[in-house]
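The values are calculated or read from the model by the stated rules, or taken from the named source; none is laboratory data. It should be emphasised that the depicted structure is a prediction, and the values quoted were computed from it without experimental measurement. Methodologically, a virtual Cβ is constructed for each residue, glycine included, from the backbone with ideal geometry; neighbour enumeration extends over all protein chains shown.
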Amino acid sequence: MATANERLMQWLRDAQAMESHAEAMLETLARHIENYPEVKAQTQRVLRETREAAGIVQDAIERRGGDTSTLKDSAAPPGPGEQSLSGSFVGDEAVKRAMTEISSYNILVAAAADAAAGDSETHAVCEDILRQEEAMVEWLKNYLASTTVEYLGREETPGAAVQHRRLPSRKNSRISPGSGRSS
Ligand SMILES: [Fe+2]
């Protein structure tokens with residue numbers, strides 16, 4: 001059985017890997033967003049916050065006597081699903097990711113406050129990051145509705161750029177402008 005201190009260390013390491021992974025994904029996303037200036041600006045802001053959070057968590061690991069020399073290497077590169085985010089509509093995946101991060105920091109806040117592992121500084125910094133993650137979800141909630149309307153508008157406009165990347169065309173589907181309508 002792991003001690004509360006060991007668990008806290010393990011969860012801090014998980015959070016650091018999670019933030020490094022998010023950083024790689026956000027870097028790719030920020031480079032590819034073209035048609036949604038507000039999403040691009042928000043993505044760049046979240047990228048800065050993510051880098052800060054990764055540094056804060058790394059500091060907490062080191063303060064608690066953990067070795068961080070191998071942390072960066074443990075962050076997996078973005079998988080195919082995440083890379084495709086850059087070529088698709090920003091939404092669902094971002095919400096899922098933010099909710100996962102909120103869960104992680106809720107756990108860290110509780111673990112750092114636990115009497116056995118009591119670490120007021122780690123508790124305070126994790127609470128700050130948690131507030132930031134919650135603000136991110138609030139932004140997504142407020143913004144998704146208007147972006148969806150904008151997206152649908154572009155889709156209805158002939159010649160407007162909807163996707164940032166071309167989707168593979170389906171064989172046997174012959175779609176030309178106006179072909180869906182009969183006069
Ligand atoms: Fe984060």
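Total residues in the range 44-63 satisfying the condition of being surrounded by 14 or more Cβ atoms within 10 Å (Cβ to Cβ) and touching a Ser or Thr at 6+ places or on another chain (Cβ under 7 Å): the figure is 4. For the range 109-134, the set of residues classified as within 16 Å of the ligand (Cβ to nearest atom) and in contact with an Asp or Glu (Cβ under 9 Å, 6 or more places away or on another chain) consists of Val109, Val125, Ile129, Leu130, Gln132, Glu133, listed by residue number.
Counting only residues that are within 12 Å of the ligand (Cβ to nearest atom) and of a type in the set (A, V, I, L, M, F, W, C), the range 90-107 holds 4 of them. Highlighted here are the helices (runs of 4 or more DSSP H) found entirely within the range 28-92 that include at least 3 residues which are out of contact with any Asp or Glu (no Cβ under 7 Å at 6 or more places or on another chain) and at pLDDT 75 or above: 37-63.
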